[in-house]
1. Under the condition of being over 28 Å from the mean Cα position of the chain (by Cα) and basic (Lys, Arg), which residue from region 476-509 is farthest from LEU542 (Cα to Cα)?
2. With of a type in the set (A, V, I, L, M), modelled with pLDDT of 85 or more, in contact with a Gly (Cβ under 7 Å, 6 or more places away or on another chain) and under 25 Å from VAL553 (Cα atoms) as the only criterion, which of LEU393, LEU364 stands out?
3. From the list ASP362, ASP399, ASP330, ASP373, pick out the single residue that is in contact with a His (Cβ under 6 Å, 6 or more places away or on another chain), in a loop (DSSP other than H, G, I, E, B), farther than 30 Å from SER147 by Cβ and not hydroxyl-bearing (Ser, Thr, Tyr).
4. Please verify whether VAL79 is modelled with pLDDT of 80 or more and in the same structural domain as SER283 (by TED's automatic domain parsing), treating the condition exactly as stated.
5. Considering only helices (runs of 4 or more DSSP H) fully contained in region 76-144, which possess at least 2 residues that are in contact (Cβ under 8 Å) with a residue 24 or more places away in the chain and more than 10 Å from the chain's Cα centre (by Cα)?
6. Which one is surrounded by the most Cβ atoms within 10 Å (Cβ to Cβ), of the residues in region 452-483 that are in contact with a Gly (Cβ under 9 Å, 6 or more places away or on another chain) and modelled with pLDDT of 80 or more?
7. Among residues belonging to region 471-492 that are touching a Phe, Trp or Tyr at 6+ places or on another chain (Cβ under 9 Å) and part of a helix (DSSP H, G or I), point out the one that is nearest to ASN423 (Cα to Cα).
8. From (1) in contact with a Phe, Trp or Tyr (Cβ under 8 Å, 6 or more places away or on another chain); (2) outside any helix (DSSP H, G or I), pick out the condition that doesn't hold for ARG281.
Amino acid sequence: MVDELERHAGQSLKSLRPALDFLMPYRWRVVAASFALMLTASVTLAVGQGLRLIIDQGFQAGSPNLLKVNIGVLSCIIVVLAAGTYVRYYFVSWIGERVSADIRNAVYAHLIHLHPGFFETNAPSEIQSRITTDTTLLQAVIGSSISIALRNALMFLGGIVLLVITNARLSMLVLICAPLVVIPIVLFGRRVRRLSRSSQDTLAEVGVYAGESLRHIKLVHAFNHQRADIARFSQHVNEAFNVAVARIRQRAWLIVTVMVLVLAAIAVMLWIGGQEVLTGRTSAGELTAFIFYAVIVAASVGAISEIYGELQRAAGATERLVELLSARSDLAEPECGAGSVSEGTLQFDGVYFAYPTRSEVDVLSDVSFKVSDGEMVALVGPSGAGKSTVLELAQRFYDVTRGSISFGGVSVDQFRLDDLRRNMAYVPQDAILFGGSIGANLRYGDPTASDRAVHMALEAASADFVFGLREGLGTHVGESGQGLSGGERQRIAIARALIADPRLLILDEATSALDGRSEEAIRRTIARQHGERTVVIVAHRLSTVVQADRIIVFDGGRIVGEGSHDELLANNKLYRQFASVQDLSSAQEVALLRYGPKKTMVRTRRY
């Protein structure tokens, strides 16, 4: 029975092994901490012999000199114990902090390279909870609990040996009682581990819900949803609390059971030992030392039983972190990729694609088109037609289901991902900025960009409002660009893309959040890119795309039309509907958008 319990305990604690692997770079500090740990355990055990000498050779012998010498020896033992404790605590705590930091770095560095599809099925907020909460728990265990557990294990073993040396008859009673204490430790420990994993999961849900509602606080207030959110959050908190209470109840039963068994054993030993002192078969000093070691053994068992619960919690946390570290990207990369490209031709050949979360639905079906180097092509169509998906596949955020995509004449899966995307710049529909300075956001694509390059990009993107801010490029913005309007964020996002100086510029609804004046400035900016780099534009506003060399019309994941604005007006019903709704069916309107007011007058005379 005991062997089976020990086997289950060993299996559960094996989950900690990946975390312990992070100790290897700091093995010399581990050696120093281990030496200090063994020293303090040995010195603590030596205190029992000091007490025996004081009682037998000091008190009972009636010798002041012996008493003085033995107290001096005991004092030296205490000084050594204090010094060893300081060294042990410092190194163990340092190791705990360092290892938890290394695990955080390792998990984040691994996650940041995973394919975007991974985060569709794994909530980023929950992942954030694992990186922070679970690693904090591991820090406490590695930086404290393991040290205490090893120290108490040494004291338990040493105490057993000294019990046998001090009084072999009484020590048999301790050896009989020990299994009675170990069995409940293992039984309750397995339950604690299961509840600990569940507790960590429910706490992660609390963090996810809080982060989501606070991140979208304006929407919460706009719909007066505070009460409902408070109730929902309280529900998540109570679920976490109930799981924690169940875990605490199991640990409480474990501690009480161990305490009762240990104290009962000590009481029996005191009674039997007292009888032996009265009959003269043992001395008072020997009984005192024996009781001291019995208390050490009992305290060690109690501490180990309590720490065992912490180790079980840490095992659950490690399992969650290992799950993240073992996740693999679905996007295979060659060891030696194609590198950079000399021209920015983008080509789709018979592409089919379905998102992993909706694998039964083809978002794109038999899509084929080519964008030549330096050409400007616009993708239009109703919402959900597959336009943004085309942009994601071009950057290889996902792999196609069937067909192929090439860039610069090379299949995109022959590039290293960082090489492929280094030749591209992306302006998303929702302009995403990170918390920090505007300058840091602008240099996100090229940290080495000069101030002159930054200023030129801001002017080209009609984002020169930044120069009027009191702190200029050093102006700090909140998470997701809080503090800036939607149009300001979008213009900064366009400037960020231009700073990267890509061969392929990808714009997904780049003017959707701009007013008419800013939209006109951005159209001029896009027009200046014509011929300098390949440009692919997705837009619902046809006013943004009439300047393109070609317009490709999407509907239901398929290409249903391709050509110039005039050709599509004549031949494509869907495009004609778009143009009619947006009042872009007249030649004068198109000329105005393409060439501006002055050239429009000359241009319209020819009609």
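1. So the residue we want is ARG503.
2. On the way: LEU393 fails: in contact with a Gly (Cβ under 7 Å, 6 or more places away or on another chain).
Result of the check over LEU393, LEU364: LEU364.
3. Working: ASP362 fails: in contact with a His (Cβ under 6 Å, 6 or more places away or on another chain); ASP399 fails: in contact with a His (Cβ under 6 Å, 6 or more places away or on another chain); ASP373 fails: in contact with a His (Cβ under 6 Å, 6 or more places away or on another chain).
That would be ASP330, the only listed residue that is in contact with a His (Cβ under 6 Å, 6 or more places away or on another chain), in a loop (DSSP other than H, G, I, E, B), farther than 30 Å from SER147 by Cβ and not hydroxyl-bearing (Ser, Thr, Tyr).
4. yes
5. Numbers: elements: 118-121, 124-129, 135-140.
Answer list for region 76-144: 118-121, 135-140.
6. Our first condition is that a residue be in contact with a Gly (Cβ under 9 Å, 6 or more places away or on another chain); within region 452-483, this holds for 454, 466, 472-482.
Checking the rest, the ones that are also modelled with pLDDT of 80 or more come to 454, 466, 472-477.
Numbers: VAL454: 21, VAL466: 23, GLY472: 12, LEU473: 18, GLY474: 11, THR475: 14, HIS476: 12, VAL477: 20.
Selected residue: VAL466.
7. As a first pass, look at region 471-492 and keep what is touching a Phe, Trp or Tyr at 6+ places or on another chain (Cβ under 9 Å): 473, 477, 479-481, 488, 491.
Going one step further and asking which of them are part of a helix (DSSP H, G or I), we end up with 473, 479-481, 488, 491.
Numbers: LEU473: 26, GLU479: 27, SER480: 25, GLY481: 26, GLU488: 25, ARG491: 21 Å.
That would be ARG491.
8. Status for ARG281: all satisfied but (1).
The values are calculated or read from the model by the stated rules, or taken from the named source; none is laboratory data. Not measured: the values here are computed from a predicted model. As a convention, Cβ positions derive from the backbone with ideal geometry for all residues, glycine included, and neighbour counts pool all protein chains shown.
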